[in-house]
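Notes follow once the structure below has been shown.
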Amino acid sequence: MLDKHQGARLANLWDDGKAAGMTEPEKLLYRSNLLGSDKRITNYGGGNTSAKVMEKDPLTGEIVEVLWVKGSGGDVGTIKMDGFSTLYMDKLRALKGIYRGVEFEDEMVGYLPHCTFNLNPRAASIDTPLHAYVPKPHVDHMHPDAIIAIAASKNSRELTSKIFGDEIGWLPWKRPGYELGLWLEKFCQENPDARGVVLESHGLFTWGDTAKEAYETTIEIINRAIAWFETENTGPAFGGRSKPVLAAADRAAIAKKLMPVIRGLISAGESKVGHFDDSQAVLDFVTSTSLEPLAALGTSCPDHFLRTKIRPLVVDFDPAQPDVGNTLAGLPEAIATYRADYAAYYERCKRADSPAMRDPNAVVYLVPGVGMITFAKDKATARISAEFYVNAINVMRGASGVSTYVGLPEQEAFDIEYWLLEEAKLQRMPKPKSLAGRIALVTGGAGGIGKATANRLMQEGACVVLADIDETALEAAQTELSTRYGKDFVRSVNMNVTSEAAVESGFGDALLAFGGLDILVSNAGLATSAAVEDTTLGLWNKNMDILATGYFLVSREAFRIFRNQKAGGNVVFVASKNGLAASPGASAYCTAKAAEIHLARCLALEGASAQIRVNVVNPDAVLRGSKIWTGEWKEQRAAAYKMDVDELEAHYRERSMLKLSVFPEDIAEAIYFLASDMSAKSTGNIVNVDAGNAQSFTR
Ligand SMILES: [Zn+2]
């Protein structure tokens with residue numbers, strides 16, 4: 001019954017050929033990246049690695065012993081050379097002389113910068129003494145699911161000795177810090193032949209005389225744990241299945257309904273972004289008999305619950321008799337109860353100097369038969385939180401299969417969550433960007449104005465869904481933006497805005513990708529030119545379909561989501577100067593653009609009571625990067641003005657009052673203003689971005 005994730009052995013990826021010419025710090029980097037490349041070895045950002053290296057002191061020229069250890073806040077899988085902090089070992093040893101005892105251990109963190117070797121600006125982590133005091137040259141500290149499953153079992157000491165004999169020792173739970181460093185040193189002195197130690201409720205320490213030996217020991221020890229679970233944990237996962245799994249399409253459909261409603265209920269303090277996971281490991285858990293009791297116990301490894309909160313919220317949904325309406329109706333109370341429970345936990349455990357209570361909302365929402373939804377301040381954090389809870393699920397699966405799973409005691413969990421050192425780290429974080437946590441959908445997102453808009457919104461921290469019918473341009477735009485801002489922040493959907501079904505499914509994909517919607521930029525368009533007597537019904541309808549009806553369809557869908565989400569909303573129409581000012585030989589286009597502008601006013605009126613704002617940006621003559629300006633339309637406009645195509649840009653510039661060309665970035669700037677809180681008190685407005693045109697002055 002073990003899935004392949006838990007069952008497969010870790011491969012030894014060490015390549016002697018690659019390592020041959022490396023210095024010790026380079027070998028440390030190589031080993032760290034190998035270890036961190038597999039989530040079964042350690043979670044994102046979890047664990048650390050070190051090497052004690054002889055180096056020439058830059059000041060005295062003497063050869064001194066230097067500890068290279070992963071610095072604060074890094075991730076071993078992606079760390080680069082500058083991610084390690086470097087410290088004099090003799091100074092680290094001298095710290096023992098000023099240590100005043102366990103109740104003062106936090107003050108030792110303040111002495112670490114005094115031990116810095118070679119002015120390395122990388123801050124040393126809280127785990128530094130753990131590595132410094134293990135009297136071995138190469139030390140790995142990992143958070144492997146299979147080892148934490150042992151460490152979080154009720155009889156973890158007994159299990160450790162049963163599986164590893166004297167090779168791997170065991171230490172009771174102790175919050176990482178200076179004292180735990182001394183415990184590790186004492187353990188090594190008393191057990192000189194041990195190759196590592198399991199830390200209760202936490203993880204694994206292993207060591208070796210060379211980088212290769214440390215790496216291979218780590219892999220070997222984890223593989224032994226995996227193999228042991230394979231033979232011992234043979235019963236059904238989590239005590240067996242008690243609920244059905246819904247089909248994939250039904251799971252997605254339920255998630256799309258739940259996510260915006262949950263988001264609206266928890267985003268009062270800060271906007272949140274969601275992530276949906278219905279992988280097999282999650283489904284095994286959310287259909288099991290043990291779901292409620294195990295979820296209530298909370299996670300064990302400190303890294304897990306710092307990311308996932310002390311426990312998840314199990315959503316009241318019965319996959320045997322699915323009634324999502326009932327579940328939605330119950331969500332406000334379920335979320336209020338979770339918040340009250342969290343506040344009570346804070347009150348029970350707080351100390352005189354504890355920082356103020358943080359956001360009391362759940363991060364993880366488990367939906368029986370459907371999967372797991374996570375919400376956090378941005379997409380990457382929501383995704384990583386989900387990964388951490390999958391680690392926690394693997395741990396609970398292992399521990400509950402061979403023993404009784406135990407979470408960390410509540411007070412210990414609280415002391416880590418509200419640790420003053422952790423609070424200091426949070427206080428040092430940069431202020432969030434103006435659109436952090438906001439989710440936008442941009443139609444015509446692969447074109448000039450659309451892509452410039454997506455870029456501007458992402459620059460301010462928003463997540464963006466690009467909607468377009470041009471598959472090739474869409475792919476290129478997504479690649480460009482994800483390279484610039486990270487894969488987590490951008491998705492794309494193929495959307496024909498004149499199709500009711502395509503609009504509905506595209507917005508559904510956006511909900512599943514990010515959990516909600518705050519901003520719609522309706523921008524998909526075309527332009528045609530013809531004298532009225534030559535305007536066919538087909539041409540007339542095409543303009544009406546894409547410009548008037550298309551804007552109506554996407555707005556209607558956004559309004560439906562905004563009303564469910566109950567967190568306001570923001571619509572920006574990209575109309576045209578021609579919606580206000582008549583232009584010769586383009587009656588279909590101009591009339592459809594006028595319809596857009598009036599639609600925006602109607603919607604501004606309708607949405608106001610729900611804090612939904614609707615505004616218009618009127619560009620004029622944005623030639624660069626625009627798809628509507630390629631081909632026919634350009635030639636038709638040139639013909640209408642009796643000039644060459646090449647002369648158009650200059651013609652429009654000279655025609656404007658300010659004698660300036662208008663670029664996609666200029667339009668994007670106005671859209672950003674209207675989509676952001678800077679314009680919180682504006683609705684039903686029109687902003688002209690046309691370098692000045694008296695004909696389109698609003699009145
Ligand atoms: Zn750890």
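The values are calculated or read from the model by the stated rules, or taken from the named source; none is laboratory data. Not measured: the values here are computed from a predicted model. With ideal geometry, Cβ positions are generated from the backbone for all residues, glycine too; neighbour counts draw on all protein chains shown.
Take the conditions surrounded by 21 or more Cβ atoms within 10 Å (Cβ to Cβ) and outside any loop (DSSP other than H, G, I, E, B) and apply them to Gly550. Does it pass?
So Gly550 fits the description; yes.
Among the residues of the range 278-295, is any closer than 28 Å to Asp145 by Cα, surrounded by 24 or more Cβ atoms within 10 Å (Cβ to Cβ) and within 16 Å of the ligand (Cβ to nearest atom)?
No, that holds for no residue.
Taking the range 640-650, which residues are among the small types (Gly, Ala, Ser) and without any contact (Cβ under 8 Å) to a residue 12 or more places away in the chain?
The answer is Ala650, and nothing else.
Could you list, in sequence order, all residues of the range 189-216 that are under 15 Å from Gly165 (Cα atoms), in contact with a Ser or Thr (Cβ under 7 Å, 6 or more places away or on another chain) and more than 16 Å from the ligand (Cβ to nearest atom)?
Arg195
Identify, by number, the condition in (1) in contact with a strand residue (DSSP E or B) (Cβ under 7 Å, 6 or more places away or on another chain); (2) of a type in the set (D, E, K, R); (3) surrounded by 24 or more Cβ atoms within 10 Å (Cβ to Cβ) that Asp145 doesn't meet.
Evaluating Asp145 over (1) in contact with a strand residue (DSSP E or B) (Cβ under 7 Å, 6 or more places away or on another chain); (2) of a type in the set (D, E, K, R); (3) surrounded by 24 or more Cβ atoms within 10 Å (Cβ to Cβ) leaves (1) as the failure.
Out of all the residues in the range 20-44, which are part of a helix (DSSP H, G or I) and within 20 Å of the chain's Cα centre (by Cα)?
Selection gives Gly36 alone.
In this structure, does Ala151 turn out to be touching a strand residue (DSSP E or B) at 6+ places or on another chain (Cβ under 6 Å) and among the aliphatic types (A, V, I, L, M)?
It is true that Ala151 is touching a strand residue (DSSP E or B) at 6+ places or on another chain (Cβ under 6 Å) and among the aliphatic types (A, V, I, L, M).
Would you pick out the residues in the range 45-61 that are part of a loop (DSSP other than H, G, I, E, B) and within 13 Å of the ligand (Cβ to nearest atom)?
Once the filter is applied, which keeps residues that are part of a loop (DSSP other than H, G, I, E, B) and within 13 Å of the ligand (Cβ to nearest atom), the range 45-61 yields Gly45, Gly46, Gly47.
Restricting attention to the range 35-54, which residues are of a type in the set (A, V, I, L, M) and either modelled with pLDDT under 95 or surrounded by 20 or more Cβ atoms within 10 Å (Cβ to Cβ) (or both)?
Of everything in the range 35-54, those that are of a type in the set (A, V, I, L, M) and either modelled with pLDDT under 95 or surrounded by 20 or more Cβ atoms within 10 Å (Cβ to Cβ) (or both) turn out to be Leu35, Ile41, Ala51, Val53.
Suppose we filter Ala123, Ala151 for residues that are out of contact with any helix residue (DSSP H, G or I) (no Cβ under 7 Å at 6 or more places or on another chain), closer than 23 Å to Leu306 by Cβ and within 12 Å of the ligand (Cβ to nearest atom); which single one remains?
Ala151
Kindly indicate whether any position in the range 322-335 is assigned to a loop (DSSP other than H, G, I, E, B) and either surrounded by fewer than 23 Cβ atoms within 10 Å (Cβ to Cβ) or among the hydroxyl-bearing types (Ser, Thr, Tyr) (or both).
yes
Would you please list the contacts, defined by Cβ atoms under 8 Å and residues six or more apart or on different chains, that run from a residue in the range 613-630 that is among the aromatic types (Phe, Trp, Tyr) and modelled with pLDDT under 75 to a residue that is crowded, with 21+ Cβ neighbours inside 10 Å and part of a loop (DSSP other than H, G, I, E, B)?
Between residues of the range 613-630 that are among the aromatic types (Phe, Trp, Tyr) and modelled with pLDDT under 75 and residues that are crowded, with 21+ Cβ neighbours inside 10 Å and part of a loop (DSSP other than H, G, I, E, B), the close pairs are Trp629/Ala527; Trp629/Val622.
Taking the conditions exactly as written (surrounded by fewer than 24 Cβ atoms within 10 Å (Cβ to Cβ), more than 16 Å from the ligand (Cβ to nearest atom) and hydrophobic (A, V, I, L, M, F, W, C)), does Leu28 satisfy them or not?
no
So Cys301 passes all but one of these: (1) more than 20 Å from the chain's Cα centre (by Cα); (2) away from the ligand (no atom under 16 Å from the Cβ); (3) not polar (S, T, N, Q). Which condition number does it fail?
Condition (2) is where Cys301 drops out.
So Arg307 ticks every box in (1) within 16 Å of the ligand (Cβ to nearest atom); (2) part of a loop (DSSP other than H, G, I, E, B) but one. Which box is left unticked?
(2)
Within the range 283-325, count every residue that is closer than 30 Å to Leu426 by Cβ, in contact (Cβ under 8 Å) with a residue 24 or more places away in the chain and among the aliphatic types (A, V, I, L, M).
8
Scan the range 143-161 and report the pairs whose first residue is under 20 Å from Ile41 (Cβ atoms) and whose second residue is among the aromatic types (Phe, Trp, Tyr) and away from the ligand (no atom under 13 Å from the Cβ), with Cβ atoms within less than 8 Å and a gap of 6+ or a chain change.
Hits for this filter: Ala146/Phe229; Ala149/Phe229; Ala152/Tyr405; Ser153/Tyr405; Ser156/Trp170; Thr160/Trp170.
Is it true that Val493 is closer than 25 Å to Gln611 by Cα, under 34 Å from the mean Cα position of the chain (by Cα) and of a type in the set (Val, Ile, Thr)?
no
Step by step: first the residues of the range 538-591, then only those that are in contact with a strand residue (DSSP E or B) (Cβ under 9 Å, 6 or more places away or on another chain) and β-branched (Val, Ile, Thr), then the one that is nearest to Ala452 (Cα to Cα). Which residue is that?
Only one residue tops the list, namely Val574.
Testing Gly77 on (1) in contact with a Phe, Trp or Tyr (Cβ under 8 Å, 6 or more places away or on another chain); (2) over 23 Å from Arg175 (Cβ atoms); (3) away from the ligand (no atom under 16 Å from the Cβ), one condition comes back false. Which one is that?
In the conditions (1) in contact with a Phe, Trp or Tyr (Cβ under 8 Å, 6 or more places away or on another chain); (2) over 23 Å from Arg175 (Cβ atoms); (3) away from the ligand (no atom under 16 Å from the Cβ), Gly77 misses (3) alone.
Please state which one of Leu553, Leu580, Leu537 is more than 26 Å from Leu623 (Cα to Cα) and over 40 Å from the mean Cα position of the chain (by Cα).
Exactly one residue qualifies, and that residue is Leu537.
Does Gly240 fit the bill of being more than 16 Å from the ligand (Cβ to nearest atom), surrounded by fewer than 24 Cβ atoms within 10 Å (Cβ to Cβ) and more than 30 Å from Ser153 (Cβ to Cβ)?
No: the conditions fail for Gly240.
Do you know which residues across the range 186-216 are surrounded by 18 or more Cβ atoms within 10 Å (Cβ to Cβ), free of Cβ contacts under 8 Å to residues at least 60 places away in the same chain and not hydrophobic (A, V, I, L, M, F, W, C)?
Correct list: Arg195, Gly196, Glu200.
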